[in-house]
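Have a look at the structure below, then the notes.
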Amino acid sequence: MAFFLRKIKDLTSKIDKSRLPVHIGIIMDGNGRWAQKRGMMRIYGHKAGVKTVREIVKACSELGIKYLTLYAFSTENWKRPLEEVNFLMDLLVEYLSKEVNELNKNNVKINFIGDISFLPKKCKVEIDRAQNITKENDGLVLNIALNYGGRDEIVKAVKKICHKVVNKELSIDAITEQIVSENLYTQNQPDPDLIIRTSGEKRLSNFLLWQSAYSELWFTDVLWPDFNKKHLIEAILYYQTRKRRFGGI
Ligand code: FPP
């Protein structure tokens, strides 16, 4: 344990604090495989995944990351067996009810992105409560992407913009990239600088499609329940080796 803590301290000291990613997005993948490798049901992987959520939120807060977006449930995840979907919803409710006071104490602002209108009532109640309690905080903004899909988000933005055009609040010529960004769930937030995906898959799976146009991508074979602060720091150190040109030279 002492060795592990020393290693984390050494790694942390290598981070250039003046060039931290402002916004990190994480595709938390591999919970099911983590459990199956241990001969357990998939749901135990999700349970173990919550521990990682706790550790990574704390680490981002301590490191001074301003925005963290966690992909918790996609618009496609409804295709999973009903028991798994229900278990995930219950886990979220449990996480929020248990953690909100601690998160609030740590100045974390909780924000949900995605279409929460379809979620079970108990989820909506906890979501409203968590967002309300933490709404004045100015530390880490924790976006939890729930019933979120990047394409669905863009379709919804297009509809909102069309309404404004039809109501003559906006002219077609005034539609810019900025206007599209302002109509996404992440309005007023910077795009992610770094996107991390665990478990060896190398795709975005409908995560922050518009916002990831210039994100640096970091993939690891580590399964989400095994991901820890050390891996997070490795991803940040990788990010700091990248020259970001945003299409320039
Ligand atoms: C992907 O692993 C993970 C998910 C679909 C759910 C992520 C949820 C959590 C970590 C817990 C709840 C979240 C919060 C914010 C409290 P998978 O099941 O697709 O894994 P597999 O690819 O190995 O099957």
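The values are calculated or read from the model by the stated rules, or taken from the named source; none is laboratory data. These numbers were taken from a predicted model, which means no experiment stands behind them. For neighbour counting, all protein chains shown are included, and Cβ atoms are generated from backbone atoms with ideal geometry for every residue, glycine included. Areas reflect the complete protein model, heavy atoms only, side chains present, ligands, DNA and RNA absent. Shrake-Rupley method; radii C 1.70, N 1.55, O 1.52, S 1.80 Å.
Solvent-accessible surface of the chain, taken per residue with a 1.4 Å probe and all protein chains present: 54 Å². Be a star and scan the stretch 59-86 for residues whose amide nitrogen sits under 14 Å from the point 7 Å along the Cα-to-Cβ vector of K122. The answer is 83-86, whose backbone nitrogens lie closer than 14 Å to the label point. The calculated FRET efficiency for V85 paired with K135, based on their beta-carbon distance and R0 = 35 Å, is about 0.80. For K14, a cut-off of 20 angstrom between C-alpha atoms picks up these lysines, skipping any fewer than 8 places away in its own chain: K58, K66, K229, K230, K243. All other residues whose Cβ lies under 15 angstrom from that of K243 are scored, Lys and Arg at +1 and Asp and Glu at -1, for a net of +1.
Ranking T75, T198 by solvent-accessible area of protein heavy atoms (1.4 Å probe, all protein chains present), from largest to smallest, gives T75, T198.
Between D226 and E182, the FRET efficiency estimated from the beta carbon spacing at R0 = 41 angstrom works out to 0.60. With the charge dipole of the stretch 1-152 set up from +1 on Lys and Arg Cβ and -1 on Asp and Glu Cβ about the Cα centre, the Cα lying farthest toward the positive end among the listed residues L91, T134, L20 is that of L20. Shown for the stretch 156-249 is the translational diffusion coefficient from the Stokes-Einstein equation, using the Kirkwood radius over Cα pairs, a temperature of 25 °C and a viscosity of 0.890 mPa s: 156 µm²/s.
Our analysis of the chain gives Rg over Rh at 0.97, with the two radii drawn from alpha carbon positions and Rh computed by the Kirkwood formula. Put the Cα centre of the stretch 142-166 next to the Cα centre of the stretch 51-94 and the gap is 20 Å. Rounded to the nearest whole Hz, the Karplus-based 3J(HN,Hα) values (6.51 cos²θ - 1.76 cosθ + 1.60, θ = phi - 60°) of the stretch 16-22 follow the sequence 7, 5, 7, 10, 6, x, 6, with x at glycine and proline.
Solvent-accessible surface of protein heavy atoms, probed at 1.4 angstrom with all chains present, puts H46, H163 in the order H163, H46, largest first. Could you calculate the FRET efficiency of R151 with L5 from 1/(1 + (r/R0)^6), where r is the beta carbon distance between them and R0 is 41 Å, rounded to 0.05? Rounded to the nearest 0.05, the efficiency is 0.45.
For the set V85, V222, the ranking by accessible area, highest first and with no ligand, DNA or RNA atoms included, is V222, V85 under a 1.4 Å probe. Cα-based values for the stretch 55-196, radius of gyration first and Dmax second, are 16.6, 48 Å. Other residues lying with their Cβ under 14 Å from the Cβ of T176 contribute a combined charge of -2, Lys and Arg counting +1, Asp and Glu -1. If only the Cβ of Lys and Arg carry +1 and only the Cβ of Asp and Glu carry -1, the dipole of the chain around its Cα centre is close to 560 debye. Counting only lysines at least 8 places from K122 when in the same chain, those with an alpha carbon closer than 24 Å to its own are K47, K51, K79, K98, K105, K109, K135. Ranked by the mean number of other Cβ atoms within 10 Å per residue, highest first, peptides 39-45, 171-177 order as 39-45, 171-177. Of the solvent-accessible surface of the chain, computed with a 1.4 Å probe over protein heavy atoms with every protein chain present, carbon and sulfur atoms account for 54 percent.
Distance between the pseudo-spin-label points of T241 and M40 (7 Å out from Cα toward the beta carbon): 3.3 nm. Among the aspartates and glutamates, select those whose C-alpha is under 17 Å from the C-alpha of K160, and discard any that sit fewer than 8 residues away in the same chain. Cross-link targets: D115, D152, E169, D173, E177, E182.
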